[in-house]
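Student: Got a structure here, written out as structure tokens. Questions coming.
The values are calculated or read from the model by the stated rules, or taken from the named source; none is laboratory data. All of these numbers come straight from a predicted model, not from anything done at the bench. Note: ideal-geometry Cβ built from the backbone for every residue, glycine included; neighbour counts use all protein chains shown. Protein only, heavy atoms only, side chains kept; ligands, DNA and RNA dropped before computing areas. Shrake-Rupley method; radii C 1.70, N 1.55, O 1.52, S 1.80 Å.
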Amino acid sequence: MSSHVIVIGAGIVGLATAHELSSRGHHVTVVDKEKHVAAHQTGHNSGVIHSGLYYAPGSLKATMGTAGAASMLEFARRHGVTVDRCGKLVVATHDSQLPALQELLRRGAANGVPCRRVDASEARQIEPHVECRAGAHVESTAVVDYVGVCRALADLVVESGGDLLLGHEVEEIVPSSTGVVVRTSAGVLSADHLVNCAGLHSDRIARMAGVDPQVRIVPFRGEYFELTPQATHLVRGLVYPVPDPDLPFLGVHLTRMFDGTVHAGPNAVLALAREGYTWGTVRPRDVADALRWPGTWRLGRQWWRTGVQEVARSVSRRRFLKSLQTLVPELTLSDIVPTHAGVRAQAIDRSGAMVDDFLLRRGPRQLHVLNAPSPAATAALEIARHLADELVAS
């Protein structure tokens, strides 16, 4: 049956969901407090269409990420969005990482990812300036203009009769047995259903709607450098380290973007604001929100050494360079210049665990996406199908 659905959030997950719902005959209204689409996580990521190599077989990340790698590539090509299938090399730089590399290859095979192990010599044929013990080569990995994807999705929503209300901040949500009323800074909306894809503010939107999210969004800033034009020849495609299996971050890596530039990073430091793209951006409410959550303190007790190392790398270009030199030893300080940063909305539970998979909570006629980390952009079209199915079942 056709219904009216309000989608909060004009990032890639929100817009993909709106497009999917529109294609199924629903009238959709997308609401976002920013004045343009993809203003936060989507517009600040590395642009990678991940292949599904990293994720535990059977997890939502694995099933949606692997399917999303194909559907996102096809969507971009069909709608004229810039995309480049450049391939990825994940490298073990010392012997202690070889077991983790083998686990990545096992996961990749289980998830149906076309990947293969390469020795040091073959790795240098793929990336001549990389040094490693061995690597995993994934030819299917691509980079894409995710902001362009969002613009295409927004156009499709509007063309199908939907509404895109930018610059409308949600101030109050009143659920009922028959629908939901949303008061925004620009007026009042009513609908049959609500889907919360608010990213960095998703837990607050859930609480506003009367749903206990059972997690708290804690923002982590990822800071990037960019290789100078004289140094871009040192990287042909994507070069990643073997990640720490205990952390949901992929480590500092090198990414040749769709425009030919090469980005280096990100690190991961606790941000002092949910939209804290610099150290100078501090919002007391956001800091207090994180400090009041018991999981934040438990996370800090477990990972404080890693946190100190990340902060040191944040304030020292030499430390950042040293991380890059484990991948490409020829890089020098003169080869890297600071560029944009992104902020990741990481859900933390009360125990202090970083939620690793996609997390969805229900409310009366509501769906709340409370954790959508990488590969959410890759998997956005698959997440949208899942949410549309869940909405019908709710």
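Student: Pulled fully out, how much extra length does the chain show between R350 and R124, if you take 0.36 nm times their separation in residues and subtract their Cα-Cα distance?
Tutor: Taking R350 through R124 to full extension adds about 76.9 nm, to one decimal.
Student: In addition: What FRET efficiency comes out for R207 versus T261 if R0 is 51 angstrom and r is the Cβ-Cβ distance? Round to the nearest 0.05. List each step's numbers first, then the result.
Tutor: Details: r = 40 Å, r/R0 = 0.78.
Computed FRET efficiency for R207 and T261 comes out at 0.80.
Student: Under 13 Å from the Cβ of S160, count the other residues' Cβ atoms, weight Lys and Arg +1, Asp and Glu -1, and hand me the total. Let's see the in-between values first.
Tutor: Values: positive: R24; negative: E20, D155, E159, D163.
That works out to -3.
Student: Express the relative contact order of the chain as a whole percentage, based on alpha carbon pairs under 8 Å and six or more residues apart in sequence. Mind showing how you got there, number by number?
Tutor: Values: 892 pairs, mean separation 92.8, N = 394.
It rounds to 24 percent for the chain.
Student: Okay, moving on. To the nearest 10 Å², what's H19's accessible area with a 1.4 Å probe?
Tutor: Surface open to solvent at H19 totals about 50 Å².
Student: Taking square-rooted eigenvalues a ≥ b ≥ c of the alpha carbon gyration tensor, is the chain rounded, prolate or oblate, where a/c under 1.5 means rounded and, failing that, a/b exceeding b/c means prolate?
Tutor: On the way: a/c = 1.84, a/b = 1.52, b/c = 1.21.
Prolate.
Student: Of the options A18, S334, H386, report the single residue whose Cα projects farthest towards the positive end of the charge dipole of the chain (beta-carbon charges: Lys, Arg +1; Asp, Glu -1).
Tutor: S334
Student: Looking at S323, V343, S140, which one has the Cα that reaches farthest to the positive end of the dipole of the chain (charges on Cβ: Lys, Arg +1; Asp, Glu -1)?
Tutor: S323
Student: Separate question: Hey, any idea what % of the range 139-191's accessible area is carbon plus sulfur with a 1.4 Å probe?
Tutor: Details: 1110 of 2360 Å².
Carbon-and-sulfur percentage of accessible area, whole number: 47.
Student: Over all directions, average the projected area of the Cα convex hull of the range 44-119 and note it in nm². If you can, show how the numbers build up before the last one.
Tutor: Numbers: hull surface 24.4 nm².
Value for the range 44-119: 6.1 nm².
Student: Using a 1.4 Å probe on the protein heavy atoms, what percent of the accessible area of the range 1-113 belongs to carbon and sulfur? Spell out each step's value before the answer.
Tutor: Values: 2230 of 4240 Å².
Accessible surface attributable to carbon and sulfur in the range 1-113 totals 53 percent.
Student: If you don't mind, there's one more thing I want to ask. How far apart, in nm, are two points set 7 Å out from the Cα along the Cα-to-Cβ line at V308 and at E103?
Tutor: 2.5
Student: Let a ≥ b ≥ c be the square roots of the eigenvalues of the Cα gyration tensor of the range 346-385; is it rounded (a/c under 1.5), or, if not, prolate (a/b larger than b/c) or oblate? Before the final figure, lay out each step's value.
Tutor: Numbers: a/c = 3.70, a/b = 1.15, b/c = 3.21.
Verdict is oblate for the range 346-385.
Student: With n ≥ 4 as the cut-off for DSSP H runs, can you work out [θ] at 222 nm for the chain, using -39500 (n - 2.57) per run divided by the number of residues, rounded to the nearest 500?
Tutor: Numbers: 10 runs with 126 residues, N = 394.
My calculation for the chain gives -10000 deg cm²/dmol from helical runs alone.
Student: If R256, R106, R305 are ordered by their accessible area, calculated over protein heavy atoms with a 1.4 Å probe, which sequence runs from highest to lowest?
Tutor: Numbers: R256 50, R106 120, R305 155 Å².
The ordering from most to least exposed comes out as R305, R106, R256.
Student: While we're here: So which chymotrypsin sites (Phe, Trp or Tyr not before Pro) in the range 267-300 pass both tests, a DSSP loop state and at most 16 other Cβ atoms within 10 Å of the Cβ?
Tutor: Values: sites: Y277, W279, W297; in loops: Y277, W279.
Counting only loop positions with at most 16 other Cβ atoms within 10 Å, the chymotrypsin sites (Phe, Trp or Tyr not before Pro) in the range 267-300 are W279.
Student: Another question about this same structure. Please list, in order, the residues from the range 204-229 whose amide nitrogen is less than 14 Å from a point placed 7 Å along the Cα→Cβ vector of R183.
Tutor: The answer is 208-209, whose backbone nitrogens lie closer than 14 Å to the label point.
Student: Stretched out fully, how many nm does the piece from Q214 to R317 gain, at 0.36 nm a residue minus the Cα gap? Write down the numbers at each step before the final one.
Tutor: On the way: separation 103, 0.36 × 103 = 37.08 nm, distance 3.76 nm.
Full extension from Q214 to R317 adds 33.3 nm.
Student: Now for a separate question. So which GluC sites (Glu not before Pro) in the range 106-188 end up in coil per DSSP with only 14 or fewer other C-beta atoms within 10 Å?
Tutor: Working: sites: E122, E131, E139, E159, E169, E171, E172; in loops: E131, E139, E169.
Loop-located and lightly packed - E169.
Student: What residues have an amide H closer than 5 Å to that of I336, excluding those fewer than 5 places away on the same chain, when H is modeled at 1.01 Å from N in the peptide plane?
Tutor: The answer is T228.
Student: Give me the accessible area of T66, 1.4 Å probe, in Å² rounded to the nearest 10.
Tutor: For T66, the solvent-accessible surface is approximately 30 Å².
Student: So how compact is the range 1-78: Cα radius of gyration and Dmax in angstrom?
Tutor: So, for the range 1-78, Rg and Dmax equal 14.4, 38 Å respectively.
Student: Give me, ordered by chain and number, the residues 5 or more places off R283 or on other chains with an amide H under 5 Å from its own placed amide H.
Tutor: Correct list: A273.
Student: Given a 1.4 angstrom probe, what's the average accessible area per residue across the chain, in square angstrom? Could you put the intermediate results ahead of the total?
Tutor: Working: 16300 Å² over 394 residues.
Result: 41 Å² per residue.
Student: Which shape class, rounded, prolate or oblate, goes with the range 66-191 when its Cα gyration tensor gives a ≥ b ≥ c as root eigenvalues, a/c under 1.5 marks rounded, and past that a/b bigger than b/c marks prolate?
Tutor: Numbers: a/c = 3.30, a/b = 2.39, b/c = 1.38.
Verdict is prolate for the range 66-191.
Student: Hey, another quick one. Let me know the Rg and Dmax you get for the range 312-376 when you use only its Cα atoms, in Å.
Tutor: For the range 312-376, the Cα radius of gyration and maximum Cα-Cα distance read 18.4, 57 Å.
Student: To the nearest 20 debye, what is the magnitude of the charge dipole of the chain about its Cα centre, counting +1 on the Cβ of each Lys and Arg and -1 on the Cβ of each Asp and Glu? Please list the in-between numbers first.
Tutor: Numbers: 40 positive and 39 negative charges, 162 e Å.
Rounded to the nearest 20 debye, it is 780 debye.
Student: Further question on the same structure: On full extension of the chain, what length is gained from H233 through A70, given 0.36 nm per residue of separation minus the C-alpha to C-alpha distance? Walk me through the intermediate numbers first.
Tutor: Numbers: separation 163, 0.36 × 163 = 58.68 nm, distance 2.82 nm.
My answer for the length gained is 55.9 nm.
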